[in-house]
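Bear in mind that the values in this text are calculations on the coordinates, not laboratory data. Note that the structure is predicted; figures quoted are calculated from it, not measured. Because the Cβ atoms are built from the backbone with ideal geometry, glycine has one as well, and the counts that use them run over all protein chains shown.
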């Protein structure tokens, strides 16, 4: 793709989103501008390439790639290693369905399909193309952003198996599910903060000795100290467990993700019962910050991106040149 004049797009992050907005407004070049995530095979694209037009990200050719699951066949029994979807961004505007600012695509997607195939064939003479005519019936419809699209239904299959790959070309992982998403990082950080709070509470209890009195309980100082130390140890062990959970969540453990969500759900339920019965008041100093943290943990770890990442099955690495048996576009 690089030899055909395409540039790999950056991942969607806060920094890349901010840059593409400013580049579009001020008409500055951003050749690696990110491409919005679309889902196929229950995951977003593994990577995307683009060609900028007129030195502005407002107009560009772009194509997304998904690696096919092992043994997956196209209807009709055709085997390909990758699926690709390309469109041409003609302008920036509001989505017809969500009213979000997004790219508006050219209606005739066949023009972009043929552009992608021709650039690859010109750059790599070893590439061959087989076209499945009338793979689908020609149709007119709208995409997720509300833009009209049309196609004649033909499906080209690019065979790049004869392209020479340098012997020293290092393999790389392309599965998008192997890229740690922001919700996983956010969830792990929040659970880590919860662990820090537990350590702080344990240290406070241990440092107080018998100075903390237990309401409505008449105990001698020695018994009070023993009770406080016991509570501190329990809180300390809970904090250590939270550290372990945070680390496992960061590594992508689905079990740790589920346990963290369960603990947050229990905490939210207990606080809701206490508040409804008048046992406790929710204030910034007492409970509100912890409740907010538990809600954020649930929101982050229950998101689709977190679920897909935690439940992913790793696919073996492939050469970075992305040479496969076939690419269906």
Original post:
Residues of region 106-128 with amide nitrogen under 12 Å from the 7 Å Cα-to-Cβ point of residue 150?
Top reply: 107-111
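In what order do 134, 154, 89 fall by count of nearby beta-carbon atoms within 10 Å, going from fewest to most?
On the way: 134 10, 154 15, 89 23.
The most exposed by this proxy come first: 134, 154, 89.
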Subject >> Point-to-point label distance, residue 12-residue 277, nm (Cα→Cβ direction, 7 Å offset) >> reply: 4.4 nm
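Starting from 0.36 nm per residue, how many nanometres of slack lie between residue 70 and residue 233 once their C-alpha separation is accounted for? Mind showing how you got there, number by number?
Numbers: separation 163, 0.36 × 163 = 58.68 nm, distance 4.93 nm.
Roughly 53.7 nm would be gained on extension.
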Subject >> Alpha-carbon centroids, region 58-77 and region 250-271: separation in whole Å >> reply: 35 Å
Subject >> For 121, 68, order by how many other beta-carbon atoms lie within 10 Å, fewest first >> reply: 121, 68
Original post:
What spacing in nm lies between the two simple spin-label points modelled at residue 91 and residue 141, each 7 Å away from Cα in the Cβ direction?
Top reply: 2.5 nm
Subject >> Sorted by Cβ density within 10 Å, fewest first, the residues 236, 155 >> reply: 236, 155
**OP:** Tell me the label-point distance for the pair residue 163, residue 258, using the 7 Å Cα-to-Cβ offset, in nm and rounded to one decimal.
**Re:** 4.1 nm
**OP:** Express in nm, to one decimal, how much length is gained between residue 111 and residue 196 on full extension, taking 0.36 nm for each residue of separation and deducting their alpha carbon distance.
**Re:** 25.0 nm
